[in-house]
């Protein structure tokens, strides 16, 4: 019975998935995917390497989890501390920095908390808190959420203790959180790419950016073959080499939305 | 309101252009959900029939549990199937995660209790009518089940269509086990969620209308092919 079950699974699988010359699974963060950069890069990867990259769009937390269990071959995420822990525990041989973009604060176009004229992010967040204006937090343990929590902490606050009357963790991806923010006309921390591509802006406006601490480093981590012998290391490294090649880095730098550059490539020549 | 109109507009322009991506995700939606319903019917119809002609000690609890399973939360089923087929798990070696097969398995689990339970409910009524006849004919249990399944086919069709309705509109389970991978496991519901995430409401609505249209089309097609609800058979 068990054998019949196994055999039928394999047949079903064969029927359903087309045969590819070479493919791999890459988990990326919503912020990276929603920017539209993957739609520009991956067709080139296919052309140059004959490699089909199947992209899973998840939060950084889930991406790390998928990689830890060996369900993907590599991940592209942005949460340096979590990445370093991940490498330390041996789930990935190394992390390779690829590029960075920046986080921005978005809010009501009238800007009742007056964050548009502040000098640094700490002051901007303090003003939002003391104004009592609604603030949407991702609340999903993603890279963006972790960044937001760390920014509050740097500014001397503990988000866990915030009143839910104004601080609202929605537990959702970047797009869903932005939808909530535009429905409530609330402040929110987002990455520039997701913001520029977001089509449901309503009354929201880009209000604060530029503090160096808001730079957001993306790293590429192949999954360790020691933990998971089945992962496609060759393909994962091929993709890494492409992303860090002069062509890949140039394409990242030249990617524009509405005339704005989103990502700054900063891969070093060796990991 | 304007967004609703824009959604209808988007639905039509996608349909008129016969957008290849739309065809791909729609056909995958149908492929996954119809296969799941087919497998669920193969399991659920005989099981429901067996339940209605059998009398055993824990029958009442079995029926209560089956009815409760109709409300299985898709996200939980998705998570369980994910954990079963994850590479670090017993079935990981089959390499089924993030394939349409995994999506079919998850939806089969969701749909089987619905079909089995509705089958049981339909055939139980019939069994009261046919009981004396079938007993007097000394029909075996298998013959009784066959007779009931045949005589109750109209109701069973509705049971299967209910299961299909659950499957085609489902997202919680297939998002987790399928992963919404472009050109591989993206179906209508996960594509809609993606467009909502991008704030692209008109396209999301457009895809939603197409999903509803497909569901209506399948139901009509089944009724026409099976010649139910026609004049004279009302």
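The values are calculated or read from the model by the stated rules, or taken from the named source; none is laboratory data. The structure presented is a predicted model; accordingly, all values stated were derived computationally and were not measured. Here Cβ is always computed from backbone atoms with ideal geometry, including for glycine, and neighbour counts include all displayed protein chains.
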Checking residue B:53 against (1) within 16 Å of residue B:117 (Cα to Cα); (2) exposed (fewer than 13 other Cβ atoms within 10 Å of the Cβ); (3) touching a residue at least 60 places away in the same chain (Cβ under 8 Å), the condition it does not meet: (2)
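For the subset of segment B:57-86 comprising residues that are within 14 Å of chain A (Cβ to nearest Cβ) and touching a helix residue (DSSP H, G or I) at 6+ places or on another chain (Cβ under 8 Å), which member is farthest from residue B:35 (Cα to Cα)?
Of everything passing the filter in segment B:57-86, B:86 is farthest from residue B:35 (Cα to Cα).
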Here are some conditions: (1) on the phi > 0 side of the Ramachandran plot; (2) surrounded by 24 or more Cβ atoms within 10 Å (Cβ to Cβ). Residue A:174 meets all but one. Which one does it not meet? (1)
If residue B:180 passes every condition in (1) facing chain A (nearest Cβ under 10 Å); (2) assigned to a helix (DSSP H, G or I); (3) buried (at least 22 other Cβ atoms within 10 Å of the Cβ) but one, which one does it miss? (2)
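Could you list, in sequence order, the residues of segment A:52-67 that are at pLDDT 90 or above and either away from every other protein chain (no Cβ under 14 Å) or over 14 Å from residue A:239 (Cα atoms) (or both)?
First pass over segment A:52-67, keeping only residues at pLDDT 90 or above: A:52-57, A:63-67.
Of everything in segment A:52-67, those that are at pLDDT 90 or above and either away from every other protein chain (no Cβ under 14 Å) or over 14 Å from residue A:239 (Cα atoms) (or both) turn out to be A:56, A:57, A:63, A:64, A:65, A:66, A:67.
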Could you pull out every one of the helices (runs of 4 or more DSSP H) wholly within segment A:117-214 that has 1 or more residues that are more than 21 Å from the chain's Cα centre (by Cα)? A:121-131, A:143-154, A:174-184
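The rows are residues; the columns are (1) more than 21 Å from the chain's Cα centre (by Cα); (2) surrounded by 13 or more Cβ atoms within 10 Å (Cβ to Cβ).
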{"residue": "B:7", "(1), (2)": "yes, yes"}
{"residue": "B:15", "(1), (2)": "yes, yes"}
{"residue": "B:25", "(1), (2)": "no, yes"}
{"residue": "B:37", "(1), (2)": "no, yes"}
{"residue": "B:45", "(1), (2)": "no, yes"}
{"residue": "B:59", "(1), (2)": "yes, no"}
{"residue": "B:74", "(1), (2)": "no, yes"}
{"residue": "B:89", "(1), (2)": "yes, yes"}
Output for segment B:123-142, where each listed residue is touching a residue at least 12 places away in the same chain (Cβ under 8 Å) and surrounded by 13 or more Cβ atoms within 10 Å (Cβ to Cβ): B:123, B:124, B:126, B:127, B:130, B:134
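Any chance you could count how many residues in segment A:39-64 are part of a helix (DSSP H, G or I) and more than 14 Å from the chain's Cα centre (by Cα)? Write out each step before concluding.
So in segment A:39-64, the residues part of a helix (DSSP H, G or I) come out as A:39-49, A:60-64.
Going one step further and asking which of them are more than 14 Å from the chain's Cα centre (by Cα), we end up with A:39-49.
Summing the residues that are part of a helix (DSSP H, G or I) and more than 14 Å from the chain's Cα centre (by Cα) in segment A:39-64 gives 11.
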